[in-house]
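Just so you know, all these numbers are worked out from the coordinates, no wet-lab data involved. Note that this is a predicted model, so its numbers are computed, not measured. Cβ placement follows ideal geometry from the backbone for every residue including glycine, while neighbour counts extend to all protein chains displayed.
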Amino acid sequence: MSFFNSKILFAVLISACLLQFCSAVPMTTKVGANERQCLYAQVDQIDSKVGFYFAVQSGGSFDIDVTIIAPDGKIQYQEPKEKQGEFSFSASKLGEYQFCFSNDMSTFAEKSVEFEITVDSSTLKAELPAISGDSTNKVEQSILSIESRATSLLRTIQYYKTRNNRNESTVKSTESRIVLFSLFELALMVGMSILQVTVVQLFFKGSRRNFV
């Protein structure tokens with residue numbers, strides 16, 4: 001393989017990895033109480049691999065209703081009160097797929113949801129330069145290996161991020177409960193002290209009257 005072809009393969013490899021990494025960056029949306037939000041992904045090729053990842057980062061019990069609707073209106077996936085999940089399927093219909101989050105079960109808590117939607121049409125092979133078959137296979141294997149490792153690393157980072165957010169929320173909730181309990185205990189002690197002083201005063205007043 002010539003030096004020129006090596007440079008082309010290297011450029012294709014780097015470009016593919018960068019495109020994969022950029023398309024895999026998750027986004028965050030906020031779903032208010034009794035609110036339903038839908039996101040859309042366009043599929044232009046039959047049997048395209050559609051991937052969907054979500055994780056509730058904050059709000060309430062960290063759960064939300066999730067629904068995926070196909071372009072023909074049929075429900076592709078539906079689960080209530082999910083905290084985190086990953087779902088993939090091969091698109092059998094062309095058009096817009098809806099990815100909906102519903103927070104109907106909550107009356108006041110706003111939910112922050114991190115999500116990622118990917119549509120893979122497997123067009124990478126057609127974009128490779130026309131060179132020898134062995135070289136192409138090596139490039140494809142390298143790209144798939146890097147993609148798999150990058151996806152695994154990204155999922156691990158997302159998992160620890162979600163876990164950290166939930167632990168932080170638990171700590172804040174516990175801290176607020178401790179403060180409220182301490183205030184209640186303080187108010188109870190003050191009330192008991194006032195009650196004891198009042199009872200003692202009434203007791204001595206009654207004793208003086210009997211003595212007189």
Check your understanding: Mind checking which pairs have a first residue in region 41-65 that is in contact (Cβ under 8 Å) with a residue 12 or more places away in the chain and polar (S, T, N, Q) and a second that is buried (at least 21 other Cβ atoms within 10 Å of the Cβ) and assigned to a loop (DSSP other than H, G, I, E, B), Cβ under 6 Å, 6 or more apart or different chains?
Key -> Ser48/Ala91
**Study point:** Sole residue being farther than 14 Å from Asn165 by Cβ and of a type in the set (Gly, Ala, Ser), chosen from Ala41, Ala55
**Key:** Ala41
